[in-house]
Amino acid sequence: MPKMGESIMEATVLNWLKQPGDYVEADEFIVEVATDKIDTEVPSPIAGYLKKVLVPVGSIAEIGKPICIIDSVITLDSNEVINDSYSIIEDETLANLTDLSLGSFNPNSGQSNPWISPLIKQICQQEKVSQRELSEIAGSGLDNRVTKKDVLNYIAIRNSKRVIASGTLSQGTGLRLPGDEVFEMDRMRKMISERMLDSKRISPHVTSFLETDMTAMVQWREKNKIKFQEKYKEPITYTPLLFMATALAIKDFPGMNISVEGNFIVQHAQINIGMAVALPNGNLIVPVIHEVDKLSLVDLTKKVNDLSNRARLNKLKPADLEGGTFSISNIGSFGNLMGTPIIVQPQVGILAFGLIEKKASVVSRPEGDSIEVRQKMFISHSYDHRIIDGNLGGGFLKRVSDYLEKFNFPEEI
């Protein structure tokens with residue numbers, strides 16, 4: 001299992017893209033895995049035949065440990081083929097390993113699907129799922145194989161029916177009514193749940209709110225968005241402009257660009273801002289743009305669009321999720337006015353930008369006050385009150401607002 005990124009020590013095998021006996025090219029993807037940061041595909045380091053799978057779907061692969069055996073072959077000429085040093089299937093240590101890729105199958109057991117992994121067998125044994133029940137579960141995997149998800153869904157539905165039939169709901173079971181469907185959280189949703197709980201437990205969150213006038217920015221974008229796309233072949237949204245204002249404010253308030261490690265505070269030299277991106281399946285991921293303060297508006301727009309597109313296509317790389325020192329969330333894209341975002345650990349702050357909407361506002365000028373239609377937006381700033389006090393957290397929020405209201409827009413695109 002190759003190194004997947006900093007601090008990642010293991011990954012969960014999601015799907016084997018090749019099966020024992022298949023030929024694989026060097027650098028061809030053979031397995032899909034999930035870390036606590038990203039789902040990705042792992043390429044084969046060599047060409048050869050996939051001899052044996054050592055880590056089945058649903059099991060944990062440790063970084064640096066073998067996950068499969070590839071019998072590599074080198075063709076010397078048209079008549080001679082020899083095995084090279086990767087043909088380690090005969091190695092005594094590996095040859096004694098239990099074949100975890102397929103479970104044993106007894107044709108007299110009544111089980112209709114032989115592709116049952118040891119993990120599924122263990123779950124069935126613990127949950128008292130009989131051979132007859134297992135044989136009736138429809139498999140959603142390759143070649144109709146029964147997966148861990150299939151078994152867990154079956155168990156959840158079976159148990160809920162038993163609870164309803166008995167007329168009792170034990171403490172912690174929750175509410176399940178006739179006709180309800182029960183689904184297990186997917187891996188990413190479980191990970192998000194754990195991280196959100198950890199963040200709230202670790203950091204005492206304080207959230208400040210401020211309404212900012214986006215009229216000048218809205219007018220500039222409306223005037224230049226078509227010209228910008230024609231010249232640079234990129235659509236410009238408000239997101240890169242929000243990035244620029246945030247980076248400028250961080251330079252003024254470097255105390256927001258820190259992270260906490262136990263009793264130590266790390267002051268970061270780089271301004272690396274993560275952006276929350278909603279995936280098609282409803283989950284959330286936070287890719288990072290590095291050294292935002294050194295990027296032009298054009299370069300920043302390209303990076304924002306690239307990361308957003310690749311996130312939605314599940315094409316992000318581990319490096320795209322690393323090194324964030326601060327985060328933002330554009331909740332206005334969902335039509336939300338404001339929110340109370342949760343900090344991405346070990347960072348100490350996160351901004352949420354709400355919906356831009358027209359409002360009748362009192363505008364003060366030297367010649368007097370007037371009521372005008374202005375484009376207004378709420379900004380929310382959640383910060384870690386262990387380290388960030390109201391003076392810093394509120395001052396930083398006001399500075400972001402100032403940069404948005406008085407942005408130094410380029411006159412020429």
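The values are calculated or read from the model by the stated rules, or taken from the named source; none is laboratory data. Small disclaimer: the values here were computed from a predicted structure and weren't measured. Cβ sites come from the backbone with ideal geometry, for glycine too, and all protein chains shown count toward neighbours.
Filtering region 316-340 down to residues that are in a loop (DSSP other than H, G, I, E, B) and hydroxyl-bearing (S, T, Y), which residue is nearest to T215 (Cα to Cα)? Steps first, please.
Narrowing region 316-340 to residues in a loop (DSSP other than H, G, I, E, B): 316-317, 322-325, 330, 335-340.
Imposing the further condition that a residue be hydroxyl-bearing (S, T, Y) reduces the set to 325, 340.
Working: T325: 29, T340: 24 Å.
Checking each candidate, the answer is T340.
Which residue, of A216, A276, A249, is among the small types (G, A, S) and over 30 Å from the mean Cα position of the chain (by Cα)? First the steps, then the outcome.
Values: A276 fails: over 30 Å from the mean Cα position of the chain (by Cα); A249 fails: over 30 Å from the mean Cα position of the chain (by Cα).
Checking each option against the conditions leaves just A216.
Condition first: farther than 29 Å from L279 by Cα, touching a residue at least 24 places away in the same chain (Cβ under 8 Å) and not in a strand (DSSP E or B). Now tell me which residues in region 20-44 satisfy that. Write out each step before concluding.
Initially, region 20-44 is screened for residues farther than 29 Å from L279 by Cα, giving 20-26.
After this cut, where a residue has to be touching a residue at least 24 places away in the same chain (Cβ under 8 Å) as well, the list is 20-24.
Result: P20, G21, D22.
Restrict the check to region 362-382 and report whether at least one residue is hydroxyl-bearing (S, T, Y), part of a strand (DSSP E or B) and closer than 30 Å to I192 by Cα. Show your work before the answer.
From region 362-382, those hydroxyl-bearing (S, T, Y) are 364, 370, 380, 382; that's our starting set.
Pick out the ones that are also part of a strand (DSSP E or B) and you get 364, 370, 380, 382.
Subset that is closer than 30 Å to I192 by Cα: 380, 382.
Yes, some residue in region 362-382 is hydroxyl-bearing (S, T, Y), part of a strand (DSSP E or B) and closer than 30 Å to I192 by Cα.
Could you check region 1-43 and list, in sequence order, the residues that are among the basic types (K, R) and either modelled with pLDDT of 85 or more or touching a Leu at 6+ places or on another chain (Cβ under 9 Å) (or both)? Walk me through it before giving the result.
Looking only at region 1-43, we keep the residues that are among the basic types (K, R), and these are 3, 18, 37.
Correct list: K18, K37.
Mind telling me which of the residues E291, E261, E367 ends up being more than 17 Å from the chain's Cα centre (by Cα), among the acidic types (D, E) and at pLDDT 95 or above?
E291
Do the conditions hold for I343, that is, is it in contact with a His (Cβ under 7 Å, 6 or more places away or on another chain), outside any helix (DSSP H, G or I), modelled with pLDDT of 95 or more and hydrophobic (A, V, I, L, M, F, W, C)? Walk me through it before giving the result.
Details: in contact with a His (Cβ under 7 Å, 6 or more places away or on another chain): yes; outside any helix (DSSP H, G or I): yes; modelled with pLDDT of 95 or more: yes; hydrophobic (A, V, I, L, M, F, W, C): yes.
So I343 passes the test.
Residue by residue through region 202-227, note down the ones that are in a strand (DSSP E or B) and among the β-branched types (V, I, T).
Looking only at region 202-227, we keep the residues that are in a strand (DSSP E or B), and these are 205-213.
Selection gives V206, T207, T212.
Taking the condition of being closer than 19 Å to M244 by Cβ and assigned to a loop (DSSP other than H, G, I, E, B), how many residues in region 270-291 meet it? Show your work before the answer.
So in region 270-291, the residues closer than 19 Å to M244 by Cβ come out as 270-277, 286-291.
The next check asks that each one be assigned to a loop (DSSP other than H, G, I, E, B); those that pass are 270-272, 276, 286-287, 290-291.
Result for region 270-291: 8.
Let me spell it out: the conditions are (1) surrounded by 15 or more Cβ atoms within 10 Å (Cβ to Cβ); (2) within 27 Å of S203 (Cα to Cα), and G390 meets all of them except one. Which number is the exception?
Status for G390: all satisfied but (1).
One line per residue, one yes/no per condition, for (1) touching a helix residue (DSSP H, G or I) at 6+ places or on another chain (Cβ under 8 Å); (2) at pLDDT below 95:
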| position | (1), (2) |
| --- | --- |
| A216 | yes, yes |
| W220 | no, yes |
| K223 | no, yes |
| L248 | yes, no |
| A269 | no, no |
| N272 | yes, no |
| V286 | yes, yes |
| S296 | no, yes |
| R310 | yes, yes |
